[in-house]
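> Sharing a structure below in structure tokens format, with a few things to ask.
The values are calculated or read from the model by the stated rules, or taken from the named source; none is laboratory data. Quick caveat: nothing in here was measured; it's all calculated off a predicted structure. Note: ideal-geometry Cβ built from the backbone for every residue, glycine included; neighbour counts use all protein chains shown.
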Amino acid sequence: MENTPNHFQKIKNYLVDLDYVIKVEDEENGMFVIEREEEGIYNLILDCEDPILIMEQFLFEVKNETPELYKKLLIKNRDIIHGAFVLDENKVSFRDTLQIENLDQNEIEGSINSLSLLMSEYNQELIEFSK
């Protein structure tokens, strides 16, 4: 399905109301890049792919692949309130998807807060994983 301007504008309004810095706004492709560095939100991509909103932030590149690393990430996935770690080639990101049609501000805020909490609680481990 194609992105509708109403969904794009609705999401933009939520981001503005929540005081996120919108670094990139691409209505034609239905995409935002936002940040709030003090909360660990840096280059978080929000992609309006009707019927879903995809939220993704790159975290680190795996330089030393070990089964233990992947096991720790999978175990931590269980603790993440919204979203999860995902792997694309050797890049680890945070990713969450939400239904756009009935999306409200609390849902977006909850997903972004989940990432922020992950970054504050698990930051040292993520730094170690990236070495």
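> For the range 97-125, enumerate the residues that are part of a helix (DSSP H, G or I) and among the acidic types (Asp, Glu).
Glu107, Glu109, Glu121, Glu125
> Do we find that Lys63 is surrounded by fewer than 17 Cβ atoms within 10 Å (Cβ to Cβ), out of contact with any helix residue (DSSP H, G or I) (no Cβ under 7 Å at 6 or more places or on another chain), in a strand (DSSP E or B) and among the basic types (Lys, Arg) in this structure? I'd like the intermediate steps shown before the answer.
Numbers: surrounded by fewer than 17 Cβ atoms within 10 Å (Cβ to Cβ): yes; out of contact with any helix residue (DSSP H, G or I) (no Cβ under 7 Å at 6 or more places or on another chain): yes; in a strand (DSSP E or B): no; among the basic types (Lys, Arg): yes.
Judged against the criteria, Lys63 is not a match.
> If a residue has to be exposed (fewer than 15 other Cβ atoms within 10 Å of the Cβ) and assigned to a strand (DSSP E or B) to count, how many in the range 38-53 make the cut? It would help to see each step written out before you state the result.
If we filter the range 38-53 for residues that are exposed (fewer than 15 other Cβ atoms within 10 Å of the Cβ), which is where we start, we get 38, 43, 51.
Subset that is assigned to a strand (DSSP E or B): 43.
The qualifying residues number 1.
Residue by residue, here is whether (1) over 12 Å from the mean Cα position of the chain (by Cα); (2) loosely packed, with under 11 Cβ neighbours inside 10 Å holds:
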| position | (1), (2) |
| --- | --- |
| Tyr70 | yes, no |
| Arg78 | yes, yes |
| Asp88 | yes, yes |
| Lys91 | yes, no |
| Phe94 | no, no |
| Ile108 | no, no |
| Leu118 | no, no |
| Phe129 | yes, no |
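> Moving on to the next point. Filter the range 1-40 for residues that are at pLDDT 95 or above and β-branched (Val, Ile, Thr); which is farthest from Arg95 (Cα to Cα)?
Result: Val16.
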